[in-house]
Amino acid sequence: MRRIFYRFGLFAALMCAVPFFAGWADTMEEIGDQAADIRAVKARFVQEKHLEMLDNPLISKGELYFRAPNSLRWEYTDPVKSILLMNRDRIRQYTMAEDGMQARHGRDLEAMRVFLEQVGQWIRGGFDQNTAFSPELKKGRRVLLTPADKNIAAVIEKIELQLTDTPGVIESAFIYEDETSYTRIVFHDTEINPEIADSVFEQAG
């Protein structure tokens, strides 16, 4: 479980990584109502992994694609290409090798399924319906997510999302593993409800 969160920037990496219609919402119910209009999301991101043992953070870049109700592609493009795909009930993971993209197998994929299902729920604004995290709206358009599940709490202390002035767009996400280790994800070039081809969720290329 710990390897999964680390490899993909943790739940962050995906769960918070996604824009949702929450710009001026004052309650969790309003967030859910506004998110009902989301059909698809596309965004680029820069991820920084901060560890106490490192003088400089580990930097990764990538792209995120989501299409309702449950299709998602989380792709790292730099420094090493890797892809996580969820399409309907099927989960697949690929990593770049010497002879091209190679599929990965094993028990990790079932854990990924749980993770991606959570992400899809968050994208649709279902924070108050989630049993894995306890949500709280803070001043300054911030959303604080505290793990309610002990397995998640073992690897994530909390998550903070910074919303922008534009409904549907998240500026950044901080995923705190402990007092000295955290992941920061900054999103840009976000598109709400773009047309996304089926192949994006079906092919690793």
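Here are the numbers:
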item	result
Any pair with Cβ under 6 angstrom, 6 or more apart, that starts in segment 177-188 at a residue that is part of a loop (DSSP other than H, G, I, E, B) and ends at one that is surrounded by 10 or more Cβ atoms within 10 Å (Cβ to Cβ) and modelled with pLDDT of 90 or more	D178/E157; S181/L51
Hits in segment 143-164 (condition: out of contact with any strand residue (DSSP E or B) (no Cβ under 6 Å at 6 or more places or on another chain) and surrounded by fewer than 16 Cβ atoms within 10 Å (Cβ to Cβ))	D149, K150, N151, A154
Residue count, segment 116-142 (criterion: of a type in the set (V, I, T) and either modelled with pLDDT of 85 or more or exposed (fewer than 15 other Cβ atoms within 10 Å of the Cβ) (or both))	1
Matching residues, segment 24-70, being farther than 30 Å from T180 by Cβ and either open to solvent by less than 10 Å² (accessible area, probe 1.4 Å) or aliphatic (A, V, I, L, M) (or both)	A25, M28, I31, A35, A36, I38, A40, V41, F66, A68
Wholly enclosed strands (runs of 3 or more DSSP E) of segment 1-111 bearing at least 2 residues modelled with pLDDT under 85	90-97, 100-104
Unmet criterion (only one of (1) surrounded by 18 or more Cβ atoms within 10 Å (Cβ to Cβ); (2) at pLDDT below 90) for F201	(2)
Of residues in segment 71-93 being touching a residue at least 60 places away in the same chain (Cβ under 8 Å) and farther than 26 Å from S181 by Cα, the one surrounded by the fewest Cβ atoms within 10 Å (Cβ to Cβ)	N87
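The values are calculated or read from the model by the stated rules, or taken from the named source; none is laboratory data. As the structure is a computational prediction, the values presented were derived from the model and not from experiment. Cβ coordinates were reconstructed from backbone atoms using ideal geometry, including for glycine residues, and neighbour counts include every protein chain displayed. Ligands, DNA and RNA are excluded from the accessible area calculation, which covers all protein heavy atoms including side chains. Shrake-Rupley method; radii C 1.70, N 1.55, O 1.52, S 1.80 Å.
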